[in-house]
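Encoded as structure tokens, the structure appears first; notes follow it.
The values are calculated or read from the model by the stated rules, or taken from the named source; none is laboratory data. Model, not experiment: these values are computed from the prediction. As a convention, Cβ positions derive from the backbone with ideal geometry for all residues, glycine included, and neighbour counts pool all protein chains shown. For the accessible areas, the whole protein counts, side chains as well, though only heavy atoms, and no ligand, DNA or RNA atoms are used. Shrake-Rupley method; radii C 1.70, N 1.55, O 1.52, S 1.80 Å.
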Amino acid sequence: FAHPRPERSVNCRVGDMEQGIVMLNRGCSAPAELGSRAARLCEMAQLGLPVRPGFCITSDFAYGLPQGDLLDEVEPPLQEIGRALARTWCANHRPLLLCVQGGGSENLNAPRGRVLNVGLNDEIVEAQAALENPHFAWDSYRELISSYAAVVRRLDMQPFEQLLEETRRRLDDKCQLGRQHLVCDIPTHDLIDLVDSYKGLYKEATGEDFPQDPEIQLHAAIEEVCGAQSHASAIVQAMASSNYDGSSGCGAVLLQAPAARRAAQLTELRGFWLPRSSAISSHVDQ
């Protein structure tokens, strides 16, 4: 069963073709230019599949571009994403939160290299906790600090992971039913403590406070991803809020070709998922 290919838009980039910015729903699915993951996202978006709105920015164009110049270039696509979702970049009410990842390898065994919830800060998370789901707001901020520390600043993540594990273990020890707690089970007040501890670890390792300006976060994330040799572009997408509540989750699926000894069997569809989480595992058992 094959979907008919939609007609390609002639003006598939925002602005000039040389600008190096491609909207996912109008992008040319060219792996050589964008990387395999970015090209496939463009393909899926044009087929009408539920791909979160976003854009790609090529590494050749973005890497080394001064912050002010880069932000001027990405302002039009950010406004387009915001209009599609009725959200606003850098706003306290209904803020637009972003995921920044590389447009290259689709290998599920490779490190993810995703910066999650770009656009949050102390002020915005407080506003979101008061207006919406406080657990979601603080867990999203925790994910931002963790992913930013790992991908942008390349910090040793063992202290962060140890804090998270200690929190889960403490909850397990308190539970008389012997329940093992997932990250999504951590109470909001413990998430707030984790955020404070994460910011302390970040400052201890870098000598700087965690950046509160969303535009600094976005520039640093794009520059770091575009600086990786394996990525022809950076993908900037609206977050899917897959850690919002009990009906939310994230995962990955893949088609696995049969081994030679099972050549007569059909290709297998396999996958995994995590409830109330935005950060899928870096590895999948194949």
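Close contacts from the stretch 214-238, counting a first residue that is in contact (Cβ under 8 Å) with a residue 24 or more places away in the chain and a second that is open to solvent by 30 Å² or more (accessible area, probe 1.4 Å) and aliphatic (A, V, I, L, M), with Cβ to Cβ under 7 Å and a gap of 6+ residues or different chains, come to Ala238/Leu85. Tell me, please, whether a residue that is in contact with a Pro (Cβ under 6 Å, 6 or more places away or on another chain) and under 21 Å from Arg40 (Cβ atoms) can be found in the stretch 66-88. Yes: the stretch 66-88 contains one or more residues that are in contact with a Pro (Cβ under 6 Å, 6 or more places away or on another chain) and under 21 Å from Arg40 (Cβ atoms). Just for the stretch 122-133: of the residues that are at pLDDT below 95 and under 20 Å from the mean Cα position of the chain (by Cα), which one is most open to solvent (accessible area, probe 1.4 Å)? That would be Asn133.
Go through the residues of the stretch 198-205 one by one and say whether even a single one is surrounded by 17 or more Cβ atoms within 10 Å (Cβ to Cβ) and over 30 Å from Thr88 (Cβ atoms). Checking the stretch 198-205: at least one residue is surrounded by 17 or more Cβ atoms within 10 Å (Cβ to Cβ) and over 30 Å from Thr88 (Cβ atoms).
Do we find a residue being in a helix (DSSP H, G or I) and touching a His at 6+ places or on another chain (Cβ under 8 Å) anywhere in the stretch 196-204? Even if it seems obvious, please write down each step before you answer.
Restricting attention to the stretch 196-204, the residues satisfying the condition of being in a helix (DSSP H, G or I) are 196-204.
From what is left, the residues that are touching a His at 6+ places or on another chain (Cβ under 8 Å) are none.
No, there is no match, as no residue in the stretch 196-204 is in a helix (DSSP H, G or I) and touching a His at 6+ places or on another chain (Cβ under 8 Å).
Of the residues making up the stretch 43-79, those that are open to solvent by 40 Å² or more (accessible area, probe 1.4 Å), under 16 Å from Arg26 (Cα atoms), part of a helix (DSSP H, G or I) and among the hydrophobic types (A, V, I, L, M, F, W, C) number 1. Determine if the stretch 98-119 includes at least one residue that is in contact with a helix residue (DSSP H, G or I) (Cβ under 9 Å, 6 or more places away or on another chain) and more than 29 Å from Gly20 (Cβ to Cβ). No, the stretch 98-119 contains no residue that is in contact with a helix residue (DSSP H, G or I) (Cβ under 9 Å, 6 or more places away or on another chain) and more than 29 Å from Gly20 (Cβ to Cβ).
Can you tell me which of Gly82, Gly35 is closer than 16 Å to Leu96 by Cα and buried (at least 18 other Cβ atoms within 10 Å of the Cβ)? Walk me through how you get there before you give the answer.
Details: Gly35 fails: closer than 16 Å to Leu96 by Cα.
Sole residue among the options that is closer than 16 Å to Leu96 by Cα and buried (at least 18 other Cβ atoms within 10 Å of the Cβ): Gly82.
Among the residues of the stretch 81-99, are any charged (D, E, K, R) and assigned to a helix (DSSP H, G or I)? Full working, then the answer.
Start the filter on the stretch 81-99 by keeping residues that are charged (D, E, K, R), which leaves 83, 87, 94.
Still in the list and also assigned to a helix (DSSP H, G or I): 83.
Within the stretch 81-99, one or more residues are charged (D, E, K, R) and assigned to a helix (DSSP H, G or I).
Looking only at residues of the stretch 96-121 that are surrounded by fewer than 19 Cβ atoms within 10 Å (Cβ to Cβ) and under 14 Å from the mean Cα position of the chain (by Cα), we find that the one that is modelled with the lowest pLDDT is Pro111. Restricting attention to the stretch 155-186, the residues that are open to solvent by 40 Å² or more (accessible area, probe 1.4 Å), touching a residue at least 40 places away in the same chain (Cβ under 8 Å) and outside any helix (DSSP H, G or I) total 2.
Based on what the data block shows, is Glu75 free of Cβ contacts under 8 Å to residues at least 12 places away in the same chain, more than 18 Å from the chain's Cα centre (by Cα) and farther than 19 Å from Val236 by Cβ?
Details: free of Cβ contacts under 8 Å to residues at least 12 places away in the same chain: yes; more than 18 Å from the chain's Cα centre (by Cα): yes; farther than 19 Å from Val236 by Cβ: no.
No: the conditions fail for Glu75.
Comparison of Gly54, Gly113, Gly103 shows that the only residue that is under 22 Å from Glu208 (Cβ atoms) and not aromatic (Phe, Trp, Tyr) is Gly113.
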